[in-house]
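Following: one structure in structure tokens, then a few remarks.
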Amino acid sequence: MPTGQRNVVRSNDSASLWNCTLSPGWTQEEVKVLGKALMKFGIGNWMKIIESECLPGKTIAQMNLQTQRMLGQQSTAEFNGLHIDALQVGALNSQRQGPDIRRKNNCIVNMGGKLTRDEVERRRIAHREKFQVPEKVWSVIVLPKPDNPHLLLDKKREELKSLKAELEDVVARISAIEQTAVCDSSQPAGTKRSRE
């Protein structure tokens, strides 16, 4: 699939899931794990997610940014502490349109002034009523935990090393094709026919 913001399938998909970079950022599996962790611990409880060791190697900044992508909006304050399915909110946000809706990297951004504490709390209450997962559901979520996070990180480093080698091979092939095309175009027409 081509890269670029217009080619992201859903606004809550990370563009890095579709690009051809060596380090794709978040795998689909990691996004699912983060979604479950957000349901279990609540939006913004980054330290609990880190302590659970379900996403080894991910930083608070990475999790926050991916949560914004999943929610489909840049501001997460109105969801802090809520046990919700971020992708459900993201699906609704991806459909929102209108002159007052502005997006940056496919996420809705606040174009007005800073929200007051009362407005943030009013929105949080509305989101709790609409999206909160019942405690009997989120309290029993079991997050995957690698046996040894260091082994997982080593595996990812090996995958990166393999991808770099694959990239170097592709670059070499492209270079060889380009050199062949230059050589063919620089030969006189009679020479080309004699070879055929």
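Within segment 147-186, all pairs of alpha-carbon atoms sorted by distance into 10 Å bins from zero give the percentages 28, 26, 20, 15, 9, 3. With the charge dipole of segment 147-186 set up from +1 on Lys and Arg Cβ and -1 on Asp and Glu Cβ about the Cα centre, the Cα lying farthest toward the positive end among the listed residues ALA165, LEU153, CYS183 is that of LEU153. In plain terms, the chain from GLN28 to GLU53 could stretch by 7.2 nm, reckoned as 0.36 nm per residue minus the Cα-Cα distance. A simple spin-label model places the labels of VAL137 and LEU115 2.2 nm from each other, with each point 7 Å out along Cα-to-Cβ.
Dipole size of segment 36-97 about its Cα centre, with +1 on Lys/Arg Cβ and -1 on Asp/Glu Cβ: approximately 100 debye, rounded to the nearest 20. Projected over all directions and averaged, the alpha-carbon convex hull of segment 43-196 occupies 17.0 nm².
With 20 Å as the limit on Cα-Cα distance, the pairs of LYS58/LYS130; LYS48/LYS104; LYS32/LYS164; LYS40/LYS145 that go past it are LYS58/LYS130; LYS48/LYS104; LYS32/LYS164.
To the nearest whole percent, what portion of all C-alpha pairs in segment 67-131 is separated by more than 14 angstrom? For segment 67-131, the share of Cα pairs beyond 14 Å comes to 58 percent.
Annotation: amide H of ILE108 within the under-5 Å range of GLN73, GLN74, sequence separation 5 or more or interchain, hydrogens built in the peptide plane.
The amide H of GLN132, built 1.01 Å from its N in the peptide plane, has no neighbour under 5 Å, considering only residues 5 or more places off or on other chains.
Read the figures in this text as sums done on the coordinates, not as results from a lab. Because the structure is a prediction, the values reported are computed rather than measured. Quick reminder, even Gly has a Cβ in these numbers, built from the backbone with ideal geometry, and neighbours come from all protein chains shown.
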